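The structure appears below as structure tokens.
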Amino acid sequence: MRALTMRQLGDVIPLPVSVRPDPSGNFRIEPGLAVSTVPAAAGVAEQLAELLRHATGLPVPLADGGSVRILLGGYDKNPEAYRLEITADGVTLSASANRGLFAGIQTLRQLLPPTGGAGLTAEVVLPGGTIEDAPRFGYRGTMLDLARHFFRPDEIKSYLDAIVQFKINHLHLHLTDDQGWRLEIPGWPRLTAISGGPGTGCDGEGPGFFTADEYRDLVAYAERLFVTIVPEIDLPGHVNAVQVAYPELTRDGMPVGPRTDAEVGYSSLVAGKEETYAFVEDVLREVAALTPGPYLHIGGDEAFSTPPEDYRTFLERVLPMVGRYGKRVIGWHEMAAVELPADAIAQYWRIEPAEDGVARAAARGHQVIMSPADRVYLDMKYEKSTRLGLDWAGLVGVERSYDWDPADRLPGVGEESVLGVEAPLWSETLRSMADVQYMAFPRLAAVAEVGWTPRAARDWPSFRRRLGEFGPRWAAQGINFYRSPEIDWPE
Ligand code: TNX
């Protein structure tokens, strides 16, 4: 048997809060490896066993007395916190909640060799020592734009599998926009029959939609990975697809044609029409009923063709609906121009600090999700020559997406006001999951560390080195990541 490369205990993304290596505690994986658990953690224990089977080629049953021990309870109040201890006789993972165990499993996974199926032809050794870890921010997200290009549920599941490795715990789905409507709504069948059908999306190349059952199934899959789905219905602008399907929702009731270009800001629901609110209420009620997570995102961005007075009137009617259906509202930061419900969250995407109500909202106690486009928009090109993506917020290399901080980005919005970070991926130029992977990786790994690791513990040289080591892992997983020249990728 030959020794496989053994990882260093701290070679993990995001970097854990505390890493204490102990070389005397290196643990050699041997035939007979088993995972012991308590019944309340059997689900995550099986997820870990499956990863170990894949990495080692061993059968790895769940069994009492197994050398990989999963303990639940009494560790830390933060449900995502965990402790991982590796000694010569085994591995002990503890957390107060299953989601903490799941986070710990993602760490342990990165300490296994990058390629799967090593079997007994190679020796697998885990580095000894103790990791204690907890997130800086509770919300660490990414967004997929399904309106400009639809991705099927199985594709999104594979994307979820890829992002949870970095402890990303929210997936925001941009379900509606001028070019398409991607979720079936009872009573409004033409939304999806017409605006989810053939020829929708940018260049007409992104057709498709979820039935309610498909959406429910996707949300349940995400829940097993401790990811909260955040559905977005973009209002009152970005609604051409609605008006194509239901012309009675235009200002003059006249039909409008479908749009497959990438313009923004030309469409709007009509604040002065009762039909508008009947429609919006049906949609929000249905989306809230289908979504177990706490959030409902109502867009609110780039409503350039909605007069400011109408924008206010519209939101004053619609914001309370979200609360009535039991959800906490999120909107793009433009929403902060109006009086918000106490628990409302603003998602900040601007590229320059500007006084547009976000700091005022923070002063009144609102929380903010940080998504500054010049740092975390995954649809920005890495460099001029990047084939995919846009460049209106500048070029966003890997270091640029890493080397910033959510708590000092906007004066008046400090650590206590920041709920977390989210990296949106708009899909005007994307045509496949391979395109999504190329734009997301490696930058999403950088954003994940920005959201998880304490600021004082982060630095680019360390991240850059750890990221390089991730290359073979992505390659083994078949992920089409961008081999940025900023990183030394091992062969
Ligand atoms: C701005 S950022 C938009 C989207 C575009 C994106 C392209 C925001 C809330 N709205 O409509 O897809 O730029 O980068």
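The values are calculated or read from the model by the stated rules, or taken from the named source; none is laboratory data. Here the structure is a predicted model, which means the values were calculated and not measured. Counting neighbours? That spans all protein chains shown, and the Cβs are built from the backbone with ideal geometry, glycine included.
Here residue 148 fits the description: touching a helix residue (DSSP H, G or I) at 6+ places or on another chain (Cβ under 7 Å), among the basic types (Lys, Arg) and in contact (Cβ under 8 Å) with a residue 24 or more places away in the chain. Here 220, 288 are screened, and the one residue that is aliphatic (A, V, I, L, M), away from the ligand (no atom under 16 Å from the Cβ) and in contact with a Lys or Arg (Cβ under 9 Å, 6 or more places away or on another chain) is 288. Of the residues screened, residue 440 is not one that is in contact with an Asp or Glu (Cβ under 9 Å, 6 or more places away or on another chain) and over 20 Å from residue 330 (Cβ atoms). Within the stretch 318-362, the set of residues being in a strand (DSSP E or B) and out of contact with any His (no Cβ under 8 Å at 6 or more places or on another chain) comprises 328, 332. Suppose we filter the stretch 145-195 for residues that are farther than 22 Å from residue 440 by Cα and part of a helix (DSSP H, G or I); how many remain? Residues flagged as farther than 22 Å from residue 440 by Cα and part of a helix (DSSP H, G or I) within the stretch 145-195 amount to 6. Restricting the first member to the stretch 323-347 and to residues that are farther than 19 Å from residue 170 by Cβ and among the acidic types (Asp, Glu), and the second to residues that are in a loop (DSSP other than H, G, I, E, B) and within 16 Å of the ligand (Cβ to nearest atom), the beta-carbon pairs closer than 6 Å and six or more apart or on different chains are 334/300; 334/301.
Checking each residue in the stretch 419-437 for being away from the ligand (no atom under 16 Å from the Cβ) and either of a type in the set (Ser, Thr, Tyr) or assigned to a helix (DSSP H, G or I) (or both) picks out 432, 433, 434, 437.
Report whether or not residue 83 is under 21 Å from residue 452 (Cβ atoms) and either at pLDDT 95 or above or crowded, with 21+ Cβ neighbours inside 10 Å (or both). Yes.
One line per residue, one yes/no per condition, for (1) small (Gly, Ala, Ser); (2) more than 19 Å from residue 124 (Cβ to Cβ):
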residue	(1), (2)
9	no, no
12	no, no
15	no, yes
23	no, no
27	no, no
38	no, yes
49	yes, no
56	no, no
72	no, yes
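Any residue in the stretch 449-465 that is farther than 27 Å from residue 488 by Cβ, assigned by TED's automatic domain parsing to the domain that holds residue 356 and assigned to a loop (DSSP other than H, G, I, E, B)? Scanning the stretch 449-465, I find no residue that is farther than 27 Å from residue 488 by Cβ, assigned by TED's automatic domain parsing to the domain that holds residue 356 and assigned to a loop (DSSP other than H, G, I, E, B), so the answer is no. Residues of the stretch 383-412 that are away from the ligand (no atom under 16 Å from the Cβ), within 16 Å of residue 448 (Cα to Cα), of a type outside the set (Ser, Thr, Tyr) and out of contact with any strand residue (DSSP E or B) (no Cβ under 7 Å at 6 or more places or on another chain): 397, 398, 399, 403, 404, 405.
Scanning the stretch 462-484 for residues that are in contact (Cβ under 8 Å) with a residue 60 or more places away in the chain and of a type outside the set (A, V, I, L, M, F, W, C) returns 462, 464, 466, 469, 472, 473, 477, 482, 484. Selection of the stretch 337-369 for residues being of a type in the set (A, V, I, L, M) and within 13 Å of the ligand (Cβ to nearest atom) yields 346, 351, 369. Of all residues in the stretch 324-336 being among the small types (Gly, Ala, Ser) and under 16 Å from residue 235 (Cα atoms), which is nearest to the ligand (Cβ to nearest atom)? Out of the qualifying residues, it is 331.
Whenever a residue of the stretch 226-255 is on the phi > 0 side of the Ramachandran plot, its partners that are of a type in the set (A, V, I, L, M, F, W, C) and within 16 Å of the ligand (Cβ to nearest atom), lying with C-beta atoms within less than 9 angstrom and at least six residues away or across chains, give the pairs 238/147; 238/264; 238/303.
Out of 469, 486, 491, report the one residue that is of a type in the set (Asp, Glu), over 19 Å from residue 159 (Cα atoms) and either crowded, with 21+ Cβ neighbours inside 10 Å or at pLDDT 95 or above (or both). Result: 486 is the single residue among 469, 486, 491 that is of a type in the set (Asp, Glu), over 19 Å from residue 159 (Cα atoms) and either crowded, with 21+ Cβ neighbours inside 10 Å or at pLDDT 95 or above (or both).
Selection of first residues in the stretch 363-375 that are part of a helix (DSSP H, G or I) and of second residues that are of a type outside the set (Phe, Trp, Tyr) and within 13 Å of the ligand (Cβ to nearest atom), restricted to Cβ pairs under 6 Å at least 6 apart or on distinct chains, gives the following pairs, ordered by first then second residue: 373/351; 373/393; 374/351; 374/393; 374/394. Annotation note: of 41, 45, the sole residue that is touching a residue at least 60 places away in the same chain (Cβ under 8 Å) and surrounded by 15 or more Cβ atoms within 10 Å (Cβ to Cβ) is 41. Of 29, 70, 13, all but one fail to be more than 28 Å from residue 448 (Cα to Cα) and either outside the structural domain of residue 443 (by TED's automatic domain parsing) or of a type in the set (S, T, N, Q) (or both); the exception is 29. Somewhere in the stretch 360-371, is a residue of a type in the set (Ser, Thr, Tyr) and within 26 Å of residue 488 (Cβ to Cβ)? No, the stretch 360-371 contains no residue that is of a type in the set (Ser, Thr, Tyr) and within 26 Å of residue 488 (Cβ to Cβ).
Just one of the numbered conditions (1) in the same structural domain as residue 10 (by TED's automatic domain parsing); (2) under 25 Å from residue 285 (Cα atoms) is not true of residue 114: (2). Tally time: how many residues in the stretch 151-205 are surrounded by 24 or more Cβ atoms within 10 Å (Cβ to Cβ) and among the small types (Gly, Ala, Ser)? Adding up the residues that qualify gives 4. So residue 380 clears everything in (1) within 16 Å of the ligand (Cβ to nearest atom); (2) surrounded by 20 or more Cβ atoms within 10 Å (Cβ to Cβ); (3) in contact (Cβ under 8 Å) with a residue 24 or more places away in the chain except one condition, right? Which one? It is condition (3) that residue 380 fails. Could you tell me whether residue 99 is assigned to a helix (DSSP H, G or I), among the charged types (D, E, K, R) and either under 19 Å from residue 60 (Cα atoms) or at pLDDT below 95 (or both)? In short, no.
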